[in-house]
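Here the structure is laid out as structure tokens; the discussion comes afterwards.
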Amino acid sequence: MNHIIRVAIVDDHKILTEGLQGLITGSGLATVVSVTHSASDCRNSLGFCKPDVLLLDVSLPDMSGLDFCKEIKTQFPEIKILALTTHNEYSIVKQMLDNGASGYLIKNAMTEEILAGIQAVAAGKTFLSHEIDILMKRPKETHIWLSQREQELLKLVAEGLTNGEIAERIFLSPETIKSYRKNLLLKLDAKNTAVLVRIALEKKLI
């Protein structure tokens, strides 16, 4: 691509977005046209900034990045989406790609890999970071790793608490809880909450 690639970033970690902004702008390959920290702010800016590529986190404070990816591709099919996240589970990567993402990077990716990902998806190609490429090629793992927050949430779900009740208990917004719950369903490959709890018990996750 001959022109400077226009990049938008949506991620609620401000230190990370500042670092990314400097990295991308300093590369000479691309420029950052928008930095937002929630899906709603990003939604409001996309029509104005018209990026070629959107760097999107899976975990946003107000909704699941998986759902947001699908929404963006419906409204702005020309925007290429490159996931940049800490999630490295097969089911989440697959869902993100199924929802229209052109690439998937883990946040510990090297600078060169991030820039290569931006260039590749802007050119209409699919790009997976080395770690994710290996993950998608090997048989699906049975081992499931949950963060401390996810384990805590899973226990409260198993107790039968609603999203609102869980939100009050652990001081997060109901939308954030909804996003966590959706990611848990994907991680454990469960169709609903009852199946989620059963799998969690079978695998001794709670």
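How much net charge surrounds E159 when only other residues with a Cβ under 12 Å from its Cβ are counted (Lys, Arg +1; Asp, Glu -1)? Local charge sum for E159: 0. Ligands, DNA and RNA left out, the 1.4 Å accessible surface of the chain is 54% carbon and sulfur atoms. Summing +1 for each Lys or Arg and -1 for each Asp or Glu among the other residues whose beta-carbon sits under 15 angstrom from that of K14 gives -4.
Over region 72-206, what is the relative contact order in whole percent, taking alpha-carbon pairs under 8 Å and six or more residues apart? After rounding, I find 20 percent. Packing here is the average count of other Cβ atoms within 10 Å per residue, and on that basis the peptides 16-25, 30-39, highest first, run 30-39, 16-25. The residues of the chain have, on average, 51 Å² of accessible surface per residue, using a 1.4 Å probe with all protein chains present.
A30's amide H: which non-local residues (gap 5+, or another chain) put their own amide H closer than 5 Å, with H modeled 1.01 Å from N in plane and none for Pro or chain starts? Here the answer is I5, since their amide H atoms fall under 5 Å of that of A30. Taking a straight line from the alpha carbon of K137, these lysines sit under 28 Å away, with near neighbours fewer than eight places off in the same chain left out: K70, K73, K80, K94, K107, K125, K182, K187, K191, K203, K204. Label sites at K182 and K94, each approximated as a point 7 angstrom past Cα along Cα to Cβ, lie 1.9 nm apart. Counting only DSSP beta bridges whose two residues both lie in the chain, roughly 5 percent are antiparallel.
On the beta carbon distance between K107 and R169, with R0 = 30 Å, the FRET formula returns roughly 0.60. Region 87-108 and region 49-67 have Cα centres separated by 12 Å. Taking R0 as 25 Å, what's the FRET efficiency between N192 and T86 from their Cβ-Cβ distance, rounded to 0.05? It comes to 0.45.
When the Cα positions of A123, G160, I24 are compared along the charge dipole of the chain, G160 comes out farthest toward the positive end, with charges on each C-beta of Lys, Arg, Asp and Glu. With helices as the sole contributors, the chain gives -16000 deg cm²/dmol at 222 nm; each DSSP H run of n ≥ 4 counts as -39500 (n - 2.57), and the sum is divided by every residue.
The values are calculated or read from the model by the stated rules, or taken from the named source; none is laboratory data. Fair warning: this is a prediction, and the values are worked out from it, not measured in the lab. Note that we place each Cβ from the backbone using ideal geometry, even for glycine, and neighbour counts take in every protein chain shown. The protein model used for the area step is the full one, side chains on, heavy atoms only, and it has no ligands, DNA or RNA in it. Shrake-Rupley method; radii C 1.70, N 1.55, O 1.52, S 1.80 Å.
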